[in-house]
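Shown next, in structure tokens, is the structure this report addresses.
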Amino acid sequence: MKPRKKARSIKEELLLKCRELEVPLVGFTPVERWEKPPEELPNTFKEWIPKEFRPQSIYPEAKTVVVIGLPVQLPIVETAPSIYYHNLYNTVNALLDEKAYEISNFLTEKGYPSIYLPRDGYGDIDVLIERPLAFFSHKYAAYLAGLGSIGLNNVILTPEYGPRVRFTSIFTTAPIESEVPKINDLCTRCMRCTVECPVNAIYPQNLIKNDLKNELSDPKMDLKYFPPPMDKLKCALRSKNLRKELRAPCGICIKVCPVGEDRKVFGREDMKIYSKNEDFKVYHEAWEHVKRYGTRKKHE
Ligand code: SF4
Ligand code: SF4
């Protein structure tokens with residue numbers, strides 16, 4: 001008699017489903033982590049997520065949050081702000097919504113009622129300008145699931161794609177085991193995001209006192225809280241202006257971040273590529289060409 005195959009656990013089934021859907025990043029976190037984030041995690045926050053924003057408040061039956069991530073391709077981000085990155089951003093958001101919806105239905109059919117969360121969860125940029133919050137943060141869900149650490153640019157940095165990845169979440173009643181994540185602080189404090197931000201929204205320059213600036217540049221620095229808050233209003237206002245020109249989002253702070261294996265994959269490890277350097281002229285010409293078309297931005 002043939003030995004009977006061991007039934008797959010719901011976690012194994014889910015991972016197989018994600019593979020079938022070609023989702024490269026998947027993480028799990030029990031909802032209890034919103035009450036007390038594991039001390040092993042790399043960031044320290046001055047304020048933690050208020051109760052009403054936690055998954056168990058939004059869907060009281062939830063036991064686990066499944067987080068999925070899809071990359072944005074670096075050579076396209078390099079054209080940002082542009083119609084090319086604008087289209088990619090919308091495509092990735094739509095795919096995330098679709099895949100999260102499918103995964104939630106899959107889990108429900110397996111006997112664990114589940115609901116998907118929208119990728120963005122806001123109606124218009126003006127809403128964000130007035131109140132820069134969504135009802136649930138995928139960034140913190142990805143962080144608690146151990147998919148990355150939070151960088152100075154206030155974005156999740158992943159080992160695979162640095163900040164060039166977008167996330168969404170699924171709330172499920174399935175109790176899925178997950179070990180406390182082992183993830184290091186990936187932010188190198190290179191300050192590129194701060195320096196390149198066109199509106200000084202990241203650790204706003206006007207708030208950087210000389211001594212703190214030195215501290216931030218020092219890789220050994222140990223600020224009590226990291227990352228420091230960014231100026232979300234300035235960032236949202238820039239996004240609004242770019243939207244009028246049909247070339248949002250901005251993307252500059254995620255373009256210049258040196259973290260991520262995708263730099264190796266796309267041959268973009270030399271960060272001099274983003275400075276006016278003769279060796280990289282051909283890239284700058286390509287980006288300028290893309291930027292010149294498909295938006296309302298006037299070019300000479
Ligand atoms: S998206 Fe642009 S405006 Fe916003 S923080 Fe990043 S670089 Fe600054
Ligand atoms: S650009 Fe540098 S400072 Fe900014 S998030 Fe990336 S590693 Fe950190």
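Listed conditions (1) assigned to a loop (DSSP other than H, G, I, E, B); (2) touching a Leu at 6+ places or on another chain (Cβ under 9 Å); (3) closer than 30 Å to S9 by Cβ are all met by F106, apart from (1).
The residue that is surrounded by the most Cβ atoms within 10 Å (Cβ to Cβ), among those in region 44-64 that are modelled with pLDDT under 95 and of a type outside the set (A, V, I, L, M, F, W, C), is T44. With respect to P132, determine if the residue is part of a loop (DSSP other than H, G, I, E, B) and within 16 Å of ligand 1 (Cβ to nearest atom). Yes: the conditions hold for P132.
Within region 49-88, the set of residues being of a type outside the set (S, T, N, Q), in a helix (DSSP H, G or I) and within 23 Å of I103 (Cβ to Cβ) comprises F53, P55, I58, L88. Residues in region 159-203 that are more than 16 Å from ligand 1 (Cβ to nearest atom), among the β-branched types (V, I, T), surrounded by fewer than 16 Cβ atoms within 10 Å (Cβ to Cβ) and under 26 Å from V256 (Cβ atoms): T188 only.
Scanning region 239-248 for residues that are buried (at least 20 other Cβ atoms within 10 Å of the Cβ) and not small (G, A, S) yields L242, R247. In this entry, E39 passes the filter for residues that are in a loop (DSSP other than H, G, I, E, B), surrounded by fewer than 18 Cβ atoms within 10 Å (Cβ to Cβ) and of a type in the set (D, E, K, R). Checking K99, K46 one by one, the residue that is in a loop (DSSP other than H, G, I, E, B), in contact (Cβ under 8 Å) with a residue 24 or more places away in the chain and either out of contact with any Cys (no Cβ under 6 Å at 6 or more places or on another chain) or not hydroxyl-bearing (S, T, Y) (or both) is K46 and no other.
The values are calculated or read from the model by the stated rules, or taken from the named source; none is laboratory data. Bear in mind the structure is a predicted one, so any value in this text is a computation, not a measurement. Because the Cβ atoms are built from the backbone with ideal geometry, glycine has one as well, and the counts that use them run over all protein chains shown.
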